[in-house]
Amino acid sequence: MDAKQARALHESQLLQLPNVTGVGTGKDEGSGADVIVVFVTRKVPSDQLRAEDVVPEELEGVPVRVLPIGES
C-alpha cells in the first residue's frame, strides 16, 4: 500500500485525535521515502497522552511524521 492509499484509509481517524489539524503525504527529509504527515497544533510527548490519542509511528507499513504547525 502506498502513502496516499494509507492516508486515505486512516485520515478520518487521525483527524479525531487531539491537536491534529490535517493529514497529508510527503517525503522523509533524510531518506526520501514516502511518508504520511500529520499536522498538529503542538507536539505533545506521547507519555502525556492517552494511549488511544497517540499518533502511530506507521500505518499500513508507511512511516508517519508529526509536524507541529501551531494554531490555524
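Being of a type in the set (D, E, K, R), assigned to a loop (DSSP other than H, G, I, E, B) and open to solvent by 50 Å² or more (accessible area, probe 1.4 Å) is the filter here, so list the residues in region 19-35 that pass it.
So the first thing to find is which residues in region 19-35 are of a type in the set (D, E, K, R), and the list is 27-29, 34.
After this cut, where a residue has to be assigned to a loop (DSSP other than H, G, I, E, B) as well, the list is 28-29.
The answer is 29, and nothing else.
For region 19-58, the candidate set comprises residues that are over 20 Å from residue 70 (Cβ atoms) and of a type in the set (Lys, Arg); within that set, the residue that is nearest to the chain's Cα centre (by Cα) is 27.
Restricting attention to region 50-72, report how many residues are in a strand (DSSP E or B), open to solvent by 70 Å² or more (accessible area, probe 1.4 Å) and touching a His at 6+ places or on another chain (Cβ under 8 Å). Before the answer, list the steps.
At the first step, the residues of region 50-72 found to be in a strand (DSSP E or B) are 58-59, 62-68.
Of the ones still in play, those that are also open to solvent by 70 Å² or more (accessible area, probe 1.4 Å) are 58, 65, 67.
Next, from what is left, pick out any that are touching a His at 6+ places or on another chain (Cβ under 8 Å): none.
Going through region 50-72 one residue at a time, the tally reaches 0.
Among all residues of region 56-72, there is at least one that is touching a helix residue (DSSP H, G or I) at 6+ places or on another chain (Cβ under 7 Å) and either at positive phi or at pLDDT below 95 (or both). For region 41-49, the condition holds for at least one residue, the condition being that it is farther than 22 Å from residue 1 by Cβ, open to solvent by 80 Å² or more (accessible area, probe 1.4 Å), of a type outside the set (Gly, Ala, Ser) and not in a loop (DSSP other than H, G, I, E, B).
May I ask you to say which residue of 16, 5 is within 20 Å of residue 70 (Cα to Cα), loosely packed, with under 14 Cβ neighbours inside 10 Å and either free of Cβ contacts under 8 Å to residues at least 60 places away in the same chain or in contact with a strand residue (DSSP E or B) (Cβ under 6 Å, 6 or more places away or on another chain) (or both)? Talk me through it step by step, then tell me what you get.
Details: 5 fails: within 20 Å of residue 70 (Cα to Cα).
16 is the lone residue from the list that is within 20 Å of residue 70 (Cα to Cα), loosely packed, with under 14 Cβ neighbours inside 10 Å and either free of Cβ contacts under 8 Å to residues at least 60 places away in the same chain or in contact with a strand residue (DSSP E or B) (Cβ under 6 Å, 6 or more places away or on another chain) (or both).
The values are calculated or read from the model by the stated rules, or taken from the named source; none is laboratory data. Predicted, not measured: the structure shown is a model, and the values here were computed from it. Cβ: placed from backbone, ideal geometry, glycine included. Neighbour counts: every protein chain shown. Protein only, heavy atoms only, side chains kept; ligands, DNA and RNA dropped before computing areas. Shrake-Rupley method; radii C 1.70, N 1.55, O 1.52, S 1.80 Å.
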